[in-house]
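Working notes for the structure below.
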Amino acid sequence: IMGILIMTNEYRHGTAVGTFLVTPKRSTVLFAKLIAASLAGLVVQIFSYIFAVGSGFFALTFFEPHAPVPGELLMKVFRATVISGLVLGIVGVGLGALVKNQVVAVTGAVIWTLIVEGLIVAFVESIGKYLPAGAITGLVNVDFGENEFNFAIENYLSPGPATLVLLGYAAVFSIIAMRTTLRRD
């Protein structure tokens, strides 16, 4: 969402013309937006991670005894947090460059993330593991063992290939952003 907002705010508020007049090389503007969105995604994800882990530990203090929370699990989730924050910020800029209407872009991204992609990942794991949510699940790489949800980490990519899939999404959406923004007046 941050990446989408970084890109579409220029079009929504009519400042894109001024921005591109001040910096006639649109690639410079777009590159700066990609970096800013990537860093914004990283900051939001790290803040969310700290808040979630802190809240979890606070809540667990009221429920003794509870299962131990291994440091390895926290590091796996942190790794996924950092990589997904960096990559999804870039994807957002690409999506915002492709769909200039901010409301449509944000609504579409939310529907895709919360509904469509979740259903694909849940019911068609062979395809879902290559989508961003499936790649992030593979990046976390947590084995829950036998469970009621038929979830098995073996059906997802390992952390290395999952990172490459996410970087591929960043590259594709960056190229789309470059092509559409540089050719649009």
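The values are calculated or read from the model by the stated rules, or taken from the named source; none is laboratory data. What you are looking at is a predicted structure, and each value in this text was computed from that prediction instead of being measured. Cβ coordinates were reconstructed from backbone atoms using ideal geometry, including for glycine residues, and neighbour counts include every protein chain displayed. Heads up: the accessible areas ignore ligands, DNA and RNA and are worked out on the full protein's heavy atoms, side chains in. Shrake-Rupley method; radii C 1.70, N 1.55, O 1.52, S 1.80 Å.
Points worth noting:
- Here V93 meets the list (1) open to solvent by less than 70 Å² (accessible area, probe 1.4 Å); (2) aliphatic (A, V, I, L, M); (3) farther than 23 Å from A40 by Cβ almost entirely, failing just condition (3).
- From the options K33, K100, residue that is open to solvent by 60 Å² or more (accessible area, probe 1.4 Å), within 22 Å of the chain's Cα centre (by Cα), more than 23 Å from G134 (Cα to Cα) and among the charged types (D, E, K, R): K100
- Across the stretch 64-76, not a single residue is classified as under 30 Å from I35 (Cα atoms), in contact with a Gly (Cβ under 6 Å, 6 or more places away or on another chain) and of a type outside the set (S, T, Y).
This table checks each residue for (1) in contact with a helix residue (DSSP H, G or I) (Cβ under 9 Å, 6 or more places away or on another chain); (2) outside any loop (DSSP other than H, G, I, E, B); (3) open to solvent by 40 Å² or more (accessible area, probe 1.4 Å).
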position: Y11; (1), (2), (3): yes, yes, yes
position: F20; (1), (2), (3): yes, yes, no
position: P24; (1), (2), (3): no, no, yes
position: T28; (1), (2), (3): no, yes, yes
position: S38; (1), (2), (3): yes, yes, no
position: G41; (1), (2), (3): yes, yes, no
position: V44; (1), (2), (3): yes, yes, yes
position: I50; (1), (2), (3): no, yes, yes
position: F58; (1), (2), (3): no, yes, yes
